[in-house]
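Heads up: the structure comes next, in structure tokens.
The values are calculated or read from the model by the stated rules, or taken from the named source; none is laboratory data. What you are looking at is a predicted structure, and each value in this text was computed from that prediction instead of being measured. Because the Cβ atoms are built from the backbone with ideal geometry, glycine has one as well, and the counts that use them run over all protein chains shown.
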Amino acid sequence: MCGTIGIFSHKPVAQEIYDGLIHLQHRGQDAAGILTHNNRFHIKKGEGLVRDIFHEGNMQRLVGNWGLGHTRYPTAGSKSSAENAQPLVLNFPHGIAMAHNGDLTNYYELQEELREKDRRLCNSSSDLEIILHIFASKLQDLEHNDNFFESICTAVESVFDRAQGGYSVVGIVAGKGMFAFRDPHGIRPLVYGNRRNEDGTVDYIFSSENTMYYPLEFELRGDVGPGEVIFISNEGKLFCRKLRNESFTPCVFEYIYLARPDSLINNISVYRSRLRMGQNLAKKWKHEFPNVIPDVVVPVPFSSNTAALSFANEIGVRYSEGLYKNPFVGRTFIMPGQEERQKSILQKLSPQETELRDKNVLLLDDSIVRGNTSKQVVNLVHNAGAKRVYLVSTCPPVKYPDFYGIDIPTRSELIAANKTIEEIRKYIGVDILMYQDIEDLIEAVTRKGEHHIDRLSMPYLDGWYVTGDIDEEKIKELEKRKEHKNRC
């Protein structure tokens, strides 16, 4: 779920890339990088948060009017390895830089294929390096093509032919222009916009979300479509082409948790979709527990706040921020290990006893993955004096791993893959546990907007992997590799 940004501008771009990354920090807190171009590449990468990596000294070296930025949330490769930080660069042909968001399901096969067939060595364990080598290898074969956009399209076709999974990519070819493309099913998000300058020139932006468009004065133009490539030439001319017409299946977890609520992805408001999730969940509550009326509805902040607000309104109960979140602690879902996640809960959340003591408290969370975090949160509320605690989740039970860019763990770690809802309720320690139904989740996301979605991608909920290359044997193989990676 990394954050990517690319800006093609007519003025120095480093500060705007930095500002954009601040708006994408929620998508990755492990590492970050900025690359700029002015006849050559300038790059600075490091581990940690954006604000801790960049300072006046290294920002001054990032000169140029084109740039890429990235915040890393590792789903592949070492979680603490600096060489996996993006953007990545190849010096030949021309000089190519890329940043991406996603995962490849055939990473290991392609790594071997690149070494044996293409004679290319991968120096990191990043999926992006695979994509970069495939793209560069094909572009090298097209050196004598006078139409560079056609060469870009052919190189992206080569990526589509060989790379399976979910990915969105933004890149620069030195001296030629900036490009962006999205996997044929559009699993991972990628939006773009423009900004008209007083002299008549136009600047362009590509990013995982449009959260930074308003402060940077860009206007959202839409989404890079599934299987589409967009190219901005050195002269500032925009070219676009849809290369594939596969089913459009964007990831539903963007709406549940990953994206910021003020984002518009696939022409759907994340904020509005979360309001509808809370509304649908409340209707289920009234149907299943008509005589159980909590005193307060409390979100597990922050990504659950929006849904909790509409849930409380639908059942006619007071909404209360009974759990205070320390904004200086990162998102626990993307913490690198279970011990770190548990420690972070105690640092992140503190109960407001006046809102919880002697009350029947309904907690609303966006999802329950391993169950350990939920158990700790419930303990906090019990210890603050709540009489009864109910827990509802806007996300249905998470039963399968994800291989398209979300670090959802192996089935052995997923509580819903190993316990019944009643067993989960007892383990977490609540009086009532209720999940959103898949049908209601789909309705909440797709109710409004001209989104043209064929089916939402949610393999972690329903076990359906759109790329068609994931069966039980493949799941076991990839789970085994995940377990090995986590031990390293």
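Please enumerate the residues belonging to the range 358-402 that are charged (D, E, K, R) and on the phi > 0 side of the Ramachandran plot. Lay out the reasoning, then the answer.
Looking only at the range 358-402, we keep the residues that are charged (D, E, K, R), and these are 358-359, 365-366, 370, 375, 387-388, 399, 402.
If the condition is that a residue be charged (D, E, K, R) and on the phi > 0 side of the Ramachandran plot, then Asp358 is the only one that fits.
One residue stands out among those in the range 250-262 that are out of contact with any Pro (no Cβ under 8 Å at 6 or more places or on another chain) and surrounded by 24 or more Cβ atoms within 10 Å (Cβ to Cβ): the one that is farthest from Phe181 (Cα to Cα), which is Ile256.
From the list Asn91, Asn106, which one is farther than 26 Å from Glu477 by Cβ and of a type in the set (S, T, N, Q)? First the steps, then the outcome.
Values: Asn106 fails: farther than 26 Å from Glu477 by Cβ.
Being farther than 26 Å from Glu477 by Cβ and of a type in the set (S, T, N, Q) holds for just one of Asn91, Asn106, which is Asn91.
Restricting to the range 91-122, give me the number of residues that are under 22 Å from Gly3 (Cβ atoms) and over 18 Å from the mean Cα position of the chain (by Cα). Quick ask: steps written out before the conclusion?
Of the residues in the range 91-122, the ones under 22 Å from Gly3 (Cβ atoms) are 96-105, 107.
Within this subset, residues satisfying the condition of being over 18 Å from the mean Cα position of the chain (by Cα) are 96-97, 107.
So the answer is 3.
Scanning the range 430-459 for residues that are in contact with a Leu (Cβ under 9 Å, 6 or more places away or on another chain) and small (Gly, Ala, Ser), which turns out surrounded by the fewest Cβ atoms within 10 Å (Cβ to Cβ)? Filtering first and then ranking leaves Gly449. When the criteria are applied in full, Val292 meets the requirement of being among the hydrophobic types (A, V, I, L, M, F, W, C) and part of a loop (DSSP other than H, G, I, E, B).
Let's see how each residue does on (1) crowded, with 24+ Cβ neighbours inside 10 Å; (2) basic (Lys, Arg); (3) touching a residue at least 60 places away in the same chain (Cβ under 8 Å); (4) in contact with a Phe, Trp or Tyr (Cβ under 9 Å, 6 or more places away or on another chain):
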site: Ile130; (1), (2), (3), (4): yes, no, no, yes
site: Leu139; (1), (2), (3), (4): yes, no, no, no
site: Thr154; (1), (2), (3), (4): no, no, no, no
site: Glu157; (1), (2), (3), (4): no, no, yes, no
site: Leu190; (1), (2), (3), (4): yes, no, yes, yes
site: Tyr214; (1), (2), (3), (4): no, no, no, no
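Applying the set (1) surrounded by fewer than 23 Cβ atoms within 10 Å (Cβ to Cβ); (2) within 27 Å of the chain's Cα centre (by Cα); (3) at pLDDT 95 or above to Ser125 leaves exactly one unmet item: (3). Inclusion of Lys237 among residues that are without any contact (Cβ under 8 Å) to a residue 12 or more places away in the chain, farther than 30 Å from Glu314 by Cβ and either touching a Gly at 6+ places or on another chain (Cβ under 9 Å) or not assigned by TED's automatic domain parsing to the domain that holds Tyr319 (or both) is warranted. Under the condition of being in contact with an Asp or Glu (Cβ under 9 Å, 6 or more places away or on another chain) and either in a helix (DSSP H, G or I) or closer than 27 Å to Ala31 by Cβ (or both), the residues counted in the range 131-148 number 4. Which one is surrounded by the most Cβ atoms within 10 Å (Cβ to Cβ), of the residues in the range 141-151 that are closer than 21 Å to Ile230 by Cβ and either β-branched (Val, Ile, Thr) or at pLDDT below 95 (or both)? Across the range 141-151, the extreme among qualifying residues is Leu142. Residue count for the range 390-400 under the criterion of being surrounded by fewer than 24 Cβ atoms within 10 Å (Cβ to Cβ) and either among the β-branched types (Val, Ile, Thr) or more than 20 Å from Lys286 (Cβ to Cβ) (or both): the result is 3.
Within the range 408-418, the set of residues being part of a loop (DSSP other than H, G, I, E, B) and buried (at least 16 other Cβ atoms within 10 Å of the Cβ) comprises Ile408, Pro409, Thr410, Arg411, Glu413, Leu414. For first residues located in the range 375-398 and under 27 Å from Leu441 (Cβ atoms), partners that are of a type in the set (D, E, K, R) and surrounded by fewer than 20 Cβ atoms within 10 Å (Cβ to Cβ) and lie 6+ apart or on another chain with Cβ distances below 6 Å form the pairs Arg388/Asp431; Tyr390/Asp431. Scanning the range 352-407 for residues that are under 29 Å from the mean Cα position of the chain (by Cα), closer than 18 Å to Lys325 by Cβ, assigned to a loop (DSSP other than H, G, I, E, B) and not β-branched (Val, Ile, Thr) returns Asp366, Ser367.
Listed by position, the helices (runs of 4 or more DSSP H) inside the range 433-488 whose residues that are among the basic types (Lys, Arg), farther than 30 Å from Gln279 by Cα and not assigned by TED's automatic domain parsing to the domain that holds Asp161 number at least 2 are 472-487. Condition check for Asn101 on (1) within 21 Å of Ile230 (Cβ to Cβ); (2) free of Cβ contacts under 8 Å to residues at least 60 places away in the same chain: one failure, at (2). The one condition from (1) surrounded by fewer than 16 Cβ atoms within 10 Å (Cβ to Cβ); (2) in a loop (DSSP other than H, G, I, E, B); (3) of a type outside the set (Phe, Trp, Tyr); (4) not assigned by TED's automatic domain parsing to the domain that holds Thr394 that Gly222 does not meet is (2).
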